[in-house]
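Notes follow the structure.
The values are calculated or read from the model by the stated rules, or taken from the named source; none is laboratory data. These numbers were taken from a predicted model, which means no experiment stands behind them. All Cβ positions, even for glycine, are placed from backbone atoms using ideal geometry, and neighbour counts span all protein chains on display. Remember, those area values only see protein heavy atoms, side chains included, never the ligands or the DNA or RNA. Shrake-Rupley method; radii C 1.70, N 1.55, O 1.52, S 1.80 Å.
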Amino acid sequence: MPESIPSRQRALVLERHCEDLIEAIEGLKVAERPVPEPGRGQVLVKIEAAPCNPSDLVFLQAKYGALKTLPSVPGWEGAGRVVASGGGWLAGWLVGQRVASALEGDRDGTWAEYFLADASDCIPLSPKLPIDQAASLIINPLTAVGLLETARRRRHRAAVHTAGASQVGRMILAIANEAGYPVIHVVRRRAQVDLLRSLGAEHVLDSSRDDFAEQLRASCARLGATIAFEAVAGQMTGRVINAMPPGSTAYVYGALSEEPCRGIDPIGLLFRDQTVTGFYLARWLRKQNRLSIFLKARRVQQMLIAGRIATGIERRASLDEAADAMKQYVHQMTDGKVIIHP
């Protein structure tokens, strides 16, 4: 019997952007929104869990590359059960299934009871995968997969990652170790060095040390590391690319420092064939075919189910509790994500 779908739903709504992050979070309000009707090739997902990612916080500040018409519901990814189809064989096949999905476009996101998704963007979930891990299936794990695949396809012998203790960093560590691919993991303090070593990291550098640049230069030369996954920006971009060998490329995929990339030696760009460019997951995914994404997502699910990778979760929150939970998350992102259960 088809599920009864209400015409209205509760959601977290952003009415205005604010550069101050705490003010932006405090501006989120629980409000009623219409339940969207799926068009052809679309499905309606009843959201069971949705994470707050750093990219969501950047969106609240109007600093994200893809913005939406306000007022709008934030939330770039989430997981739940497909309860309605707008037509098309794939959308129809997904009805009744649990899926993970991500959004890129000007429509309401996943911090709501219901979410409108393109059927082609939905990933069917294994029944063995816990919903909290399923909610974060796409952005972090597939970023780790995409960065490492980029490094391997471009024949870089080893890589540097500048947010080694982050959620993505721990996934890069686990996936790279399974593949036998060397990564130099950069962290900000001694305790994080010990943490990553306990997780199996062989090459870990503390960027707070006075000899960090010398250690990085020596490690890159020894391992042949000519690609950097740069999530910090600010001065870190220059510190890393300046210490890397000729022909190196830094892929900037985040801006945890909330500062522009700087400190880059132009001599390296001019005469040492070095490059600084961007890695945007949505753009990378658009270049993959449907089967390739499905296989990568299945591999990620298997690793999550086996416990070889995991999304750390610090707090679970209802829609009413979400803003308070996010303010806490801002100050301790390394401890784990906020997962919203509408």
Requested in this report: Round to the nearest 10 and report in Å² the accessible area of Glu3, as given by a 1.4 Å probe over the protein chains' heavy atoms.
Outcome: 60 Å²
Requested in this report: Once you have all Cα-Cα distances for the stretch 144-236, histogram them in 5 Å bins from zero and send the whole-percent values.
Outcome: 3, 15, 28, 28, 19, 6, 1
Report task. Starting from the Cα gyration tensor of the stretch 283-329, multiply each eigenvalue by 5, take the square root, and state the resulting semi-axes largest first in whole Å. Result -> 30, 16, 9
Query - Unit charges on C-beta of K, R, D, E only; dipole of the chain, Debye - result: 1280 debye
Query - When the convex hull of its Cα atoms is projected in every direction, mean area for the chain (nm²) - result: 17.0 nm²
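Taking the Kirkwood radius as the inverse of the mean 1/r across Cα pairs, report the Rg/Rh of the stretch 183-263.
Taking Rg over the Kirkwood Rh, I get 0.94.
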Query raised in the report: Of Gly169, Gly78, Gly41, which is the most mobile in a GNM of the chain whose springs link Cα atoms less than 10 angstrom apart?
Result: Gly41
Query raised in the report: Dividing the convex hull volume of the Cα atoms of the stretch 1-84 by its residue count, what figure in Å³ per residue is obtained?
Result: 108 Å³
Report task. Determine the distance separating the Cα centre of the stretch 222-255 from the Cα centre of the stretch 276-294; give it in Å without decimals. Result -> 20 Å
Query raised in the report: Over the chain, what is the mean sequence separation of C-alpha contacts under 8 Å (at least six apart), divided by residue count, expressed as relative contact order in percent?
Result: 16 percent
Report summary line: Square roots of five times the C-alpha gyration tensor eigenvalues of the stretch 67-121, ordered largest first and given in whole Å, equal 21, 11, 9
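Which values, in whole Å and largest first, are the semi-axes of the equivalent ellipsoid of the stretch 90-194 obtained as the square root of 5 times each eigenvalue of the Cα gyration tensor?
For the stretch 90-194, the ellipsoid semi-axes come out as 32, 16, 13 Å.
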Report summary line: Expressed as a percent, the accessible surface of the stretch 296-338 that is carbon or sulfur, using a 1.4 Å probe and the full set of protein chains, is 39 percent
Query raised in the report: Expressed in nm², what is the orientationally averaged projection area of the convex hull enclosing the Cα positions of the stretch 24-158?
Result: 9.8 nm²
Report summary line: Cβ-Cβ cut-off under 14 Å around Leu70, Lys and Arg +1, Asp and Glu -1: the net charge is +2
Report summary line: Counting sequence-distant residues (5 or more places) and residues on other chains, those with an amide H built under 5 Å from that of Thr226 are Arg157, Ala158
Requested in this report: Post the alpha-carbon centroid distance, the stretch 184-208 to the stretch 14-40, in whole angstrom.
Outcome: 37 Å
Requested in this report: For the stretch 43-82 and the stretch 317-332, write down the distance between their C-alpha centroids in whole Å.
Outcome: 15 Å
Query - Per residue solvent-accessible surface (Å²) - the chain, probe of 1.4 Å - result: 45 Å²
Report summary line: Of Val160, Val330, Val186, the most mobile residue in a GNM of the chain (C-alpha springs, cutoff 10 Å) is Val330
Query raised in the report: With the chain treated as a Gaussian network of Cα nodes joined by springs under 10 Å, which of Ala31, Ala250, Ala84 yields the largest mean-square fluctuation?
Result: Ala31
Query raised in the report: Which whole-number value in Å³ per residue fits the convex hull of the alpha carbons of the stretch 143-297?
Result: 110 Å³
Query raised in the report: Hey, what did the stretch 103-187 get for relative contact order, percent, Cα under 8 Å, at least 6 apart?
Result: 23 percent
Report summary line: Taking placed amide H atoms and a strict 5 Å upper bound, the residues 5 or more places from Glu48 or on another chain that come that close are Ala79, Gly80, Arg81
Query raised in the report: Roughly how big is the stretch 139-282's charge dipole about its Cα centre, with Cβ charges of +1 (Lys, Arg) and -1 (Asp, Glu), in debye to the nearest 20?
Result: 260 debye
Query - Volume in Å³ per residue [convex hull over Cα atoms, computed for the stretch 217-291] - result: 109 Å³
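Run the numbers on the stretch 276-342 and let me know its relative contact order in percent, using alpha-carbon pairs under 8 Å that are six or more apart.
Computed over the stretch 276-342, the figure is 29 percent.
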Query raised in the report: Once you sort the root eigenvalues of the Cα gyration tensor of the stretch 239-342 as a ≥ b ≥ c, which label holds: rounded (a/c under 1.5), prolate (a/b larger than b/c) or oblate (the other case)?
Result: oblate
**Report entry** Accessible-area composition of the stretch 104-173, carbon plus sulfur, in percent [1.4 Å probe]
**Finding:** 45 percent
